[in-house]
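Trainee: Pasting a structure here, questions to come.
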Amino acid sequence: MTAELAWYLVLCVFSFFYCFLNKRTPFVVVTYGIALFYLWIVRNSGFDYDMAGYAKYLSSTLDFATASTYYTREFVYWFGSGYLYEWIRDDVTTLWVIDLIWLSLLFYAVGNRKQSLSIPLYVAPFMLVFFPVLMGYENVYRQLIACMFILYAFFGVRNLFLAGIFGLLALFTHNASIVYMPLLYLFAVTKGMTKPRLSFFHKGVFSSLYLLMLGGVYYSSLADSEFAKSSSTTGLPLTYAYLMVFMAMAFIAFLISNFNFNRFLKNNISLAYAIFTFVAFIPALGGAQAERIGMMLLVVIVPIFAMNLDRAMKTQSERILMRVLFVLVGIAPTFLFSSAFNFLTTASRQIG
């Protein structure tokens, strides 16, 4: 057993342990430290697939005036990571410092006392072992970082201006983050994830943002880089796997809503948005790009869904059961698919 797999299992244990807790505890700080140590082990275990490319580009000297549009339109990551590397001068440490940044955003967004009391405690460690997030820090890195900026915009701040700032950071980390823009607008004008009752003006703005989002995501898939042209390097047919996850979540939400569509929308507008958007992109973008859009939508939707699921349970025993099942489903693909499991068990890998 590799150290990477061993510490991944430790985080799995913490996720199950937190399923039995309701109140915030000092264990959150302990879990944060363990997660940070785990990511240090991940970075020192070599680089898989796209991560090898990210490590290689750290030492590239990019000039904003002469760089291609692929880099300038996502300058937050490309130039930000380059500046960090110039200061640190080590690819492993640089990527770990970036890990520290997005991990801090994640834990504060879903685990802080003041802003996110309604998000169950187990979500914090669970997000580290959740299959799409694992794919993020092992392979599709910029998408993951952008997702964490969006999570922080939703749950880490209550100031709309700051939420907008983090939304822009996400957009210029990975342009496909534009997929969240209409959802952020709904969150702002309805003061939460509830069924929107919008004026004609707000409906017009939302429709315009949605059309802009569709065009923006398609445009972001046309970059002149090996990253944009890459397919599913994990070797897994995840597009329809993610769709099945969305449909399973929708079925559970309908079941909890007693198959009342209006009640379903009232409590799960973000899930309905994610499903409709993901289905719209599958034929337009093809497998690899649609897969990554699905990954980005899932990472942000899951904490909201876990929160709604917890609220729907009437007793503590029901909550615990659903939490445990949710964690099991979230980590199962890591152990069921050899290509995913190999991320954690392969000791000799590409070094940037």
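Any read-out appearing in this document is the output of simple, stated calculations on the displayed coordinates, not a laboratory observation. These numbers come from a predicted model, not from an experiment. Cβ coordinates were reconstructed from backbone atoms using ideal geometry, including for glycine residues, and neighbour counts include every protein chain displayed.
Trainee: Which whole-Hz ³J(HN,Hα) couplings does the stretch 245-258 yield from phi under the Karplus relation 6.51 cos²θ - 1.76 cosθ + 1.60, θ = phi - 60°, glycine and proline marked x?
Mentor: 5, 4, 5, 5, 4, 5, 4, 4, 5, 5, 4, 5, 8, 6
Trainee: For the stretch 12-19, just list the computed ³J(HN,Hα) in residue order, Karplus coefficients 6.51, -1.76 and 1.60, θ = phi - 60°, integers in Hz, with x standing in for Gly and Pro.
Mentor: Ordered by residue, 3J(HN,Hα) equals 4, 4, 4, 4, 5, 4, 5, 4 Hz.
Trainee: Once label points are set 7 Å from the Cα along Cα→Cβ at both R158 and W87, what is their separation, rounded to one decimal in nm?
Mentor: 3.1 nm
Trainee: Here is a follow-up. Going by amide H atoms built from the backbone, whose H comes under 5 Å of the H on F47, apart from near neighbours?
Mentor: Q350, I351, G352
Trainee: Could you tell me the number of lysine pairs in the chain with C-alpha atoms less than 19 Å from each other, where the two lysines are 8 or more residues apart or belong to different chains?
Mentor: Lysine pairs satisfying the spacing and distance rule in the chain number 10.
Trainee: Classify the stretch 257-333 from the C-alpha gyration tensor, please: rounded if a/c falls under 1.5, else prolate or oblate depending on whether a/b exceeds b/c.
Mentor: Oblate shape, in that a/c is at least 1.5 and b/c is the bigger or equal ratio.
Trainee: Quick one: if the Förster radius is 35 Å, what FRET efficiency do M313 and A280 give, using the C-beta to C-beta distance and rounding to 0.05?
Mentor: 0.65
Trainee: Follow-up. Could you work out the mean projected area of the convex hull around the alpha carbons of the chain, in square nanometres to one decimal?
Mentor: Quarter of the Cα hull surface area: 17.2 nm².
Trainee: Do the sum for the chain: with -39,500 (n - 2.57) for every DSSP H run of n ≥ 4, divided by all residues, what is the mean residue ellipticity at 222 nm, to the nearest 500 deg cm²/dmol?
Mentor: Per the formula, -23000 deg cm²/dmol.
Trainee: Report the extension gain between V29 and L321 in nm, rounded to one decimal, defined as 0.36 nm multiplied by the number of residues separating them, less their alpha carbon distance.
Mentor: Gain on extension, V29 to L321, equals 102.6 nm.
Trainee: Pick from F166, F155, F17: which residue has the top mean-square fluctuation in a GNM of the chain where Cα pairs under 10 Å get a spring?
Mentor: Of the options given, F17 has the highest mean-square fluctuation.
Trainee: With the chain treated as a Gaussian network of Cα nodes joined by springs under 10 Å, which of I178, I304, I320 yields the largest mean-square fluctuation?
Mentor: I320
Trainee: Using only the alpha-carbon atoms of the stretch 18-158, report the extent along each of the three principal axes, biggest first, to the nearest angstrom.
Mentor: The Cα atoms of the stretch 18-158 stretch 52, 34, 26 Å along the principal axes, largest first.
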